[in-house]
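Each remark here refers to the structure printed beneath this line.
The values are calculated or read from the model by the stated rules, or taken from the named source; none is laboratory data. Since this is a predicted model, take the numbers as computed values, not measurements. Please note: Cβ atoms are built from the backbone with ideal geometry, for glycine as well, and neighbour counts cover all protein chains shown. Please note that ligands, DNA and RNA were not included when accessible areas were found on the heavy atoms of the full protein model with its side chains. Shrake-Rupley method; radii C 1.70, N 1.55, O 1.52, S 1.80 Å.
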2 protein chains.
Amino acid sequence: MATVAYEDLSPGRVIDLGRTVVDRDEMLAFARRFDPQPFHLDEDTPADSVLGGLCASGWFTASLWMRAYVDHLLADSTSLGSPGGKELSWLAPVRAGDELRFQLEVLSARRSRSRPEMGLVEMTGTAYRMTEDGGEQCVLRFTYTGLFGVAGKDSEESS
Amino acid sequence: MATVAYEDLSPGRVIDLGRTVVDRDEMLAFARRFDPQPFHLDEDTPADSVLGGLCASGWFTASLWMRAYVDHLLADSTSLGSPGGKELSWLAPVRAGDELRFQLEVLSARRSRSRPEMGLVEMTGTAYRMTEDGGEQCVLRFTYTGLFGVAGKDSEESS
């Protein structure tokens with residue numbers, strides 16, 4: 001059984017969440033609906049302007065990361081949702097055509113005292129864009145708490 | 001001139017960002033594309049399940065808040081973008097048909113040392129759902145830094 005449970009999310013574990021290429025039309029449609037600022041909408045945004053030209057809404061980048069997280073982990077897990085996080089950083093602009101690589105790292109994990117069948121897992125999700133020189137640049141960092149069901153192998157223990 | 005500049009965003013200021021009603025079709029379309037977890041997609045999610053039935057992706061709620069922020073403030077401002085924030089909390093589920101009220105509160109503001117023509121404004125954005133008893137429940141809290149151009153009335157001062 002491949003289901004990811006609380007016990008599988010041990011501190012230090014790094015999980016690959018795959019890659020995607022930023023689609024121009026979808027990026028613009030998202031901006032029109034949710035974040036219609038000129039630098040997210042206007043193809044003629046000058047390259048010497050504040051964000052270096054047309055770029056994605058940070059919420060679009062976060063939403064692409066979320067989809068990768070669902071596809072590569074949550075869809076086959078004991079996830080019970082998330083109350084949110086303590087850091088959401090947009091570190092560099094994302095542009096149409098960028099290839100993004102998504103990742104997850106487990107920071108810490110503890111069993112819930114009030115609900116021992118559940119664990120709280122602190123994680124950092126990241127997105128990296130591939131750069132022209134063959135390197136990577138971190139464009140998104142989200143540190144949050146994920147709630148996961150305990151598989152039950154050691155459900156008598158509670159901390 | 002109605003443009004909102006750095007000088008207008010003084011600590012303690014509370015800004016109304018309007019209201020919206022959560023559209024079921026759009027909520028589901030967002031979940032299908034960006035957050036296809038059962039409790040965001042399946043109309044038959046039981047009311048006694050973890051999130052109390054079908055509810056919106058937290059990223060959809062955040063994106064609705066963003067649109068309200070653009071419409072009520074950023075569209076007519078000296079905004080220079082945002083590097084992100086230090087808290088993003090999803091405090092309670094949002095459901096199709098909920099009426100949401102959006103708000104912004106300025107926490108602190110300071111001029112950039114390296115770029116005195118710019119100010120850094122720490123703000124908390126919130127979304128409240130109207131409850132059946134006529135009250136409100138906070139469903140989203142986002143504390144972040146907004147970058148705004150200085151209008152220039154006192155541009156000789158820099159801190």
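Here A:S108 qualifies as surrounded by fewer than 16 Cβ atoms within 10 Å (Cβ to Cβ), out of contact with any helix residue (DSSP H, G or I) (no Cβ under 7 Å at 6 or more places or on another chain) and touching a residue at least 40 places away in the same chain (Cβ under 8 Å).
Looking at this structure, is A:T61 within 26 Å of B:D76 (Cβ to Cβ) and within 12 Å of the chain's Cα centre (by Cα)? Here the answer is yes, as A:T61 does meet what is asked. Checking each residue in segment A:94-115 for being at negative phi and in contact with a Lys or Arg (Cβ under 9 Å, 6 or more places away or on another chain) picks out A:V94, A:R95, A:A96, A:D98, A:E99, A:L100, A:R101, A:F102, A:L104, A:E105, A:V106. In the condition set (1) touching a residue at least 40 places away in the same chain (Cβ under 8 Å); (2) farther than 17 Å from A:V70 by Cβ, A:L100 is compliant with all but (2).
A:L100 passes every criterion in (1) hydrophobic (A, V, I, L, M, F, W, C); (2) surrounded by fewer than 17 Cβ atoms within 10 Å (Cβ to Cβ); (3) within 18 Å of A:L51 (Cβ to Cβ) apart from (2). Considering only segment A:114-135, I want to know if a residue exists there that is open to solvent by 30 Å² or more (accessible area, probe 1.4 Å) and in contact with a helix residue (DSSP H, G or I) (Cβ under 8 Å, 6 or more places away or on another chain). Within segment A:114-135 (the criterion being open to solvent by 30 Å² or more (accessible area, probe 1.4 Å) and in contact with a helix residue (DSSP H, G or I) (Cβ under 8 Å, 6 or more places away or on another chain)), the answer is no, since none of the residues qualifies. Looking across segment A:89-115 at every residue that is closer than 23 Å to B:R32 by Cβ and of a type in the set (A, V, I, L, M), the one that is nearest to the chain's Cα centre (by Cα) is identified as A:L104.
One residue is enough: does segment A:57-70 have a residue meeting the conditions crowded, with 17+ Cβ neighbours inside 10 Å, among the charged types (D, E, K, R), over 18 Å from A:G149 (Cβ atoms) and modelled with pLDDT of 95 or more? Among the residues of segment A:57-70, at least one is crowded, with 17+ Cβ neighbours inside 10 Å, among the charged types (D, E, K, R), over 18 Å from A:G149 (Cβ atoms) and modelled with pLDDT of 95 or more, which makes the answer yes.
The condition of being open to solvent by 30 Å² or more (accessible area, probe 1.4 Å) and in contact (Cβ under 8 Å) with a residue 24 or more places away in the chain does not hold for A:P46.
With respect to the conditions (1) open to solvent by 20 Å² or more (accessible area, probe 1.4 Å); (2) free of Cβ contacts under 8 Å to residues at least 40 places away in the same chain, A:V21 falls short on a single one, namely (2).
Selection of strands (runs of 3 or more DSSP E) fully inside segment B:1-117 by the criterion of at least 3 residues being more than 10 Å from chain A (Cβ to nearest Cβ) returns B:14-21, B:99-111.
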